[in-house]
1. Which residue is farthest from residue A:81 (Cα to Cα), if the candidates are limited to segment A:118-146 and must be in contact with a helix residue (DSSP H, G or I) (Cβ under 6 Å, 6 or more places away or on another chain) and within 11 Å of chain B (Cβ to nearest Cβ)?
2. Taking the criterion of being crowded, with 17+ Cβ neighbours inside 10 Å, closer than 22 Å to residue B:59 by Cβ and more than 14 Å from chain B (Cβ to nearest Cβ), would at least one residue in segment A:96-110 satisfy it?
3. Using the structure shown, decide if residue A:153 is surrounded by 20 or more Cβ atoms within 10 Å (Cβ to Cβ), within 14 Å of another protein chain (Cβ to nearest Cβ), in contact with a strand residue (DSSP E or B) (Cβ under 7 Å, 6 or more places away or on another chain) and not in a helix (DSSP H, G or I).
4. If you scan segment A:1-30, which residues turn out to be farther than 20 Å from residue B:29 by Cβ, surrounded by 11 or more Cβ atoms within 10 Å (Cβ to Cβ) and at the interface with chain B (Cβ under 9 Å from one of its Cβ atoms)?
5. Contact list please: Cβ distance under 9 Å, first residue in segment A:48-59 and more than 10 Å from chain B (Cβ to nearest Cβ), second residue crowded, with 20+ Cβ neighbours inside 10 Å and assigned to a helix (DSSP H, G or I), pairs at least six apart or on different chains.
6. Considering each of A:65, A:55, A:134 in turn, give the residue that is more than 16 Å from the chain's Cα centre (by Cα), surrounded by 12 or more Cβ atoms within 10 Å (Cβ to Cβ) and modelled with pLDDT under 95.
7. Within segment B:105-129, count every residue that is without any contact (Cβ under 8 Å) to a residue 24 or more places away in the chain and exposed (fewer than 11 other Cβ atoms within 10 Å of the Cβ).
8. Is at least one residue of segment B:55-69 more than 9 Å from chain A (Cβ to nearest Cβ), out of contact with any strand residue (DSSP E or B) (no Cβ under 7 Å at 6 or more places or on another chain), modelled with pLDDT of 90 or more and exposed (fewer than 14 other Cβ atoms within 10 Å of the Cβ)?
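The values are calculated or read from the model by the stated rules, or taken from the named source; none is laboratory data. The shown structure was predicted, so the numbers you read here are calculated from the model rather than taken from an experiment. Glycine also receives a Cβ, built like all others from the backbone with ideal geometry; neighbour counts cover every protein chain displayed.
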């Protein structure tokens, strides 16, 4: 084989290897950034749902008797005492329109339920999941003098 | 006298082998860097789901206390009620001090375990006593 042929072969071999490696790098970095963004998104939704559920089960809301005058409502809390939900507050919350409540949930759509331990729905509010991503938080509470589960789903 | 360069007696000489080694080394370096990036970016699961685990444990202890179950200081009653409300994917151990009552399973050492405390007072006709409950909760 002549030197010219060897050099040409050498050039094409190097070009092929370089092309494969560059393609691998581009595809990998693209996948990494997509996956990182998805993880970030999921974590953000989970953190938001934890904070909202904490606000619901541990705080009275502001003002503390907002259920008597919703015009003064600053933020929603459903507790009568730590982890004991006020029936008046919960019923008032359940009667809110979705658009009204979403001002306080912000960013995401939501679905809120209170269930007893048999799985029977006692209270529902919001829109059932109809998106691409969702996160569900379940909190154990006392509601209407009995053990119950408060379930909050954030979705988009 | 000219020194003879060492030769590997290859058909096309030394240069082809050196080129091949160079290409293989470069490929290994690139693939290693990509793997390290992958492992670094996605090596650990997020800590945020562990917050949910901790809240579940805290909620359960709070509910048991409100229902008066913890104040019975009876291991069997506490374990029975705990099993009714503990989600199936979790396991839990509860210890009540100062009596050192223990209810629940052995704490594992090969996974994340969330822990917390809750203080309570038992009051009877003659006196009141301070206690606290420590819980550990983990995924099965």
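1. Here the residue is A:135.
2. Yes, because at least one residue in segment A:96-110 is crowded, with 17+ Cβ neighbours inside 10 Å, closer than 22 Å to residue B:59 by Cβ and more than 14 Å from chain B (Cβ to nearest Cβ).
3. Details: surrounded by 20 or more Cβ atoms within 10 Å (Cβ to Cβ): yes; within 14 Å of another protein chain (Cβ to nearest Cβ): yes; in contact with a strand residue (DSSP E or B) (Cβ under 7 Å, 6 or more places away or on another chain): yes; not in a helix (DSSP H, G or I): yes.
Yes: the conditions hold for residue A:153.
4. First, the residues of segment A:1-30 that are farther than 20 Å from residue B:29 by Cβ: A:1-12, A:30.
Subset that is surrounded by 11 or more Cβ atoms within 10 Å (Cβ to Cβ): A:6, A:8-10.
Hits for segment A:1-30 are A:6, A:10.
5. Correct list of pairs: A:56/A:93.
6. Numbers: A:55 fails: more than 16 Å from the chain's Cα centre (by Cα); A:134 fails: more than 16 Å from the chain's Cα centre (by Cα).
Being more than 16 Å from the chain's Cα centre (by Cα), surrounded by 12 or more Cβ atoms within 10 Å (Cβ to Cβ) and modelled with pLDDT under 95 holds for just one of A:65, A:55, A:134, which is A:65.
7. Residues that pass the stated criteria total 11.
8. yes
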